[in-house]
Amino acid sequence: MQKIEIRSEFRKEAGKGIARQLRMRGKIPAVLYAAGTSTLLTMDPKDINKVLHSASGENTLITLQIAGGSGEESRVAILREFHRDPINGKILHADLFELNMNEPIVVKVPVEVTGTVSEGVKEGGVLQHNMRELEIRCLPLSIPDHIQVDASALGIGESIHAKDIQLAEGIEMMTDPDHVVVSVAAPISEAQLEELLTAPKELKEPEVLSKKEGEEGAKAEGKGESKAGEAKAKPEAKGKEEKKETKK
């Protein structure tokens, strides 16, 4: 676990205007979060880049030396989030989380596949790196730079799940134990690949009625309607006859 010391300053004001002024001076706004509190800071974006390019990356333990206020304070934190300009890639903002060195923290750690060429790959299989990161829970000083997974013994169709990975004492796996981390897939032959690429797509042609069938259908519907009309007319006629008999 790598540690980096960063100097920063307390900041009282917030808002887009203040953030713009800070960036014009070569600084960036940052926020240090703790349990139920947040502290506004001013930082140098170069220091955030230094953290990101270190061996531990975003899991680097940062010792913040904060100037201003009643004096200089020292706090230990970890980088939680940062924002870049979508055009030039410059860092615009950073969020940090203050750590209690005696309490465990949940972090994501990169996976490093190790070992010689796997047996399955020697037989023509394809090594698949299914998960690039694993989520773990441990004390801040126990956070590893990466988690090594030896895939050299994997054959075609075999895989390593999260539950198969041995972690150091004091580190708990938080990733779903059934998730596949590394696997070796069976190869696809050139003939199979060509068949997949050239296979014609089956399109179901719409059903078309012939002119004769359409006319017959229309006639049948017409007959049905005329019969229904006759059926309705008969009770009415019968009713009129009954009225005449009553008058007599």
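The values are calculated or read from the model by the stated rules, or taken from the named source; none is laboratory data. Note that the coordinates shown come from a computational prediction; the quantities given were computed from them, not determined experimentally. Neighbour counts are summed over all protein chains in view; Cβ atoms, including those assigned to glycine, are modelled from backbone coordinates with ideal geometry.
Quick check on Arg20: is it of a type in the set (Lys, Arg) and assigned to a strand (DSSP E or B)?
no
Which pairs have Cβ atoms under 9 Å, sit 6 or more apart or on different chains, and link a residue in segment 35-51 that is part of a helix (DSSP H, G or I) to one that is loosely packed, with under 11 Cβ neighbours inside 10 Å and modelled with pLDDT under 95?
Within 9 Å, the pairs are Pro45/Gly26; Lys46/Gly26.
Looking at segment 1-49, which of its residues are within 20 Å of Arg84 (Cβ to Cβ), under 32 Å from the mean Cα position of the chain (by Cα) and among the charged types (D, E, K, R)?
Listed by number, the residues that qualify are Lys16, Arg20, Arg23, Lys27, Asp44, Lys46, Asp47.
Just to verify a result, which residue in segment 173-188, among those that are touching a Lys or Arg at 6+ places or on another chain (Cβ under 8 Å) and in a loop (DSSP other than H, G, I, E, B), is surrounded by the fewest Cβ atoms within 10 Å (Cβ to Cβ)?
Of everything passing the filter in segment 173-188, Asp178 is surrounded by the fewest Cβ atoms within 10 Å (Cβ to Cβ).
Of everything in segment 12-34 that's free of Cβ contacts under 8 Å to residues at least 40 places away in the same chain and either β-branched (Val, Ile, Thr) or surrounded by 10 or more Cβ atoms within 10 Å (Cβ to Cβ) (or both), which residue is nearest to Leu52 (Cα to Cα)?
Selected residue: Lys27.
Look at Ser8 and say whether it is over 29 Å from Met173 (Cα atoms) and of a type in the set (Ser, Thr, Tyr).
yes
Considering only segment 91-102, state which residues are touching a helix residue (DSSP H, G or I) at 6+ places or on another chain (Cβ under 8 Å) and exposed (fewer than 12 other Cβ atoms within 10 Å of the Cβ).
Met101
Just for segment 59-78: of the residues that are aliphatic (A, V, I, L, M) and over 12 Å from Ser8 (Cα atoms), which one is surrounded by the fewest Cβ atoms within 10 Å (Cβ to Cβ)?
Among those that are aliphatic (A, V, I, L, M) and over 12 Å from Ser8 (Cα atoms), it is Val76.
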